[in-house]
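Novice: This is the structure I want to talk about, given as structure tokens.
The values are calculated or read from the model by the stated rules, or taken from the named source; none is laboratory data. This structure is a prediction, so every number in the text was calculated from the model and none was measured. Positions of Cβ are backbone-derived with ideal geometry, glycine not excepted, and every protein chain shown enters the neighbour counts.
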Ligand SMILES: [Zn+2]
């Protein structure tokens with residue numbers, strides 16, 4: 001094809017394009033057919049543009065811009081018509097639908113308490129029925145309340161166990177809610193029973209079972225003639241109300257600076273019902289075949305703690321215990337990764353319907 005034939009051919013295609021009545025095209029399919037006719041792989045304009053390589057460079061310089069202009073005009077006409085077709089279809093849809101006022105409304109997403117709040121409230125509820133009242137204190141504590149008054153003097157090795165975040169000077173992010181107990185004892189006159197629920201902080205590497213921020217519910221009872229039997233009975237009742245009357249509770253001797261004697265409290269394994277053998281007849285991995293899971297720490301208030309708050313340990317006695325809210329929640333709901341609590345994934349959180357508060361069995 002020489003250049004004048006090529007130009008005639010281009011004019012012919014341009015005439016064909018302008019003969020098209022775009023506003024008469026009503027469907028995206030018809031518009032696509034038109035596009036393919038001119039701009040498809042074998043479309044007339046495409047083929048013409050392909051054959052331009054047979055012309056001389058000077059001819060190409062002259063004719064290529066003309067052809068490109070026709071091509072881009074056609075493309076923008078098609079794009080504009082697609083938008084109009086979409087709009088027309090939308091209007092048609094809207095007009096064809098009538099408003100049905102009898103349809104039930106979409107129910108709005110309902111918020112609920114976070115599972116940790118639910119667990120903390122359940123624990124507080126049970127302990128509340130046993131006469132414990134709620135006490136709170138600051139998250140940033142001084143050395144005196146977080147350590148010294150709790151029989152953890154400076155250079156005591158227990159300070160290392162607690163992986164403390166130091167804020168400034170002698171201020172720390174509280175490593176337990178025990179400072180609330182010190183504050184309560186300094187404000188109140190015994191006898192009294194309190195729980196101190198709240199957030200605590202430890203310098204921990206975060207993994208499936210450790211978090212640098214977690215929650216505790218601690219309990220404290222001060223009266224005359226409080227015995228270890230009172231502690232045992234209270235915790236047994238508490239754990240049975242929380243986990244069901246069939247569970248078994250075991251006390252093992254342990255060490256905490258602020259209690260003497262101290263105990264670790266174990267619960268019969270919820271996964272193998274305390275048998276050490278799982279449902280699949282394999283040894284239970286959760287309790288490592290022992291049938292028991294460590295669940296909390298407790299003990300009789302150390303005389304040095306009473307002295308630090310100005311109580312005479314010859315007159316007053318008491319017990320204290322500390323429970324990790326995450327630990328209990330993970331056991332009760334069989335949650336494997338502590339980080340699930342903090343990621344605010346609605347798919348996880350929405351599984352915890354606000355629980356009925358347990359009563360004593
Ligand atoms: Zn087990």
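Novice: Among 204, 294, 246, 260, which is the only one that is assigned to a loop (DSSP other than H, G, I, E, B), without any contact (Cβ under 8 Å) to a residue 60 or more places away in the chain and under 30 Å from residue 140 (Cβ atoms)?
Specialist: 204
Novice: Residue 1 versus (1) exposed (fewer than 15 other Cβ atoms within 10 Å of the Cβ); (2) over 60 Å from the mean Cα position of the chain (by Cα); (3) assigned to a helix (DSSP H, G or I): which is the lone unmet condition?
Specialist: (3)
Novice: For the condition over 30 Å from the mean Cα position of the chain (by Cα) and buried (at least 16 other Cβ atoms within 10 Å of the Cβ), what is the one hit in 243, 256, 201?
Specialist: 256
Novice: Kindly list the number of the only condition in (1) part of a loop (DSSP other than H, G, I, E, B); (2) touching a residue at least 24 places away in the same chain (Cβ under 8 Å); (3) more than 12 Å from the ligand (Cβ to nearest atom) that fails for residue 281.
Specialist: The single condition residue 281 does not satisfy is (2).
Novice: So residue 182 passes all but one of these: (1) surrounded by fewer than 22 Cβ atoms within 10 Å (Cβ to Cβ); (2) over 24 Å from the mean Cα position of the chain (by Cα); (3) not in a loop (DSSP other than H, G, I, E, B). Which condition number does it fail?
Specialist: (1)
A quick yes/no check of all residues on (1) within 15 Å of the ligand (Cβ to nearest atom); (2) outside the structural domain of residue 129 (by TED's automatic domain parsing); (3) more than 25 Å from residue 307 (Cβ to Cβ):
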site: 237; (1), (2), (3): no, no, yes
site: 245; (1), (2), (3): no, no, yes
site: 253; (1), (2), (3): no, no, no
site: 261; (1), (2), (3): no, no, no
site: 265; (1), (2), (3): no, no, yes
site: 274; (1), (2), (3): yes, no, yes
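Novice: Which of the residues belonging to the range 74-116 are out of contact with any strand residue (DSSP E or B) (no Cβ under 9 Å at 6 or more places or on another chain), closer than 30 Å to residue 327 by Cα and in a helix (DSSP H, G or I)?
Specialist: Within the range 74-116, just 115 meets the criteria.
Novice: Taking the range 291-305 only, how many residues are within 16 Å of the ligand (Cβ to nearest atom) and surrounded by fewer than 17 Cβ atoms within 10 Å (Cβ to Cβ)?
Specialist: The number of residues fulfilling the criteria is 1.
Novice: If you don't mind, there's one more thing I want to ask. Could we say that residue 352 is within 23 Å of residue 210 (Cα to Cα), within 16 Å of the ligand (Cβ to nearest atom), touching a residue at least 12 places away in the same chain (Cβ under 8 Å) and part of a loop (DSSP other than H, G, I, E, B) here?
Specialist: So residue 352 fails the test.
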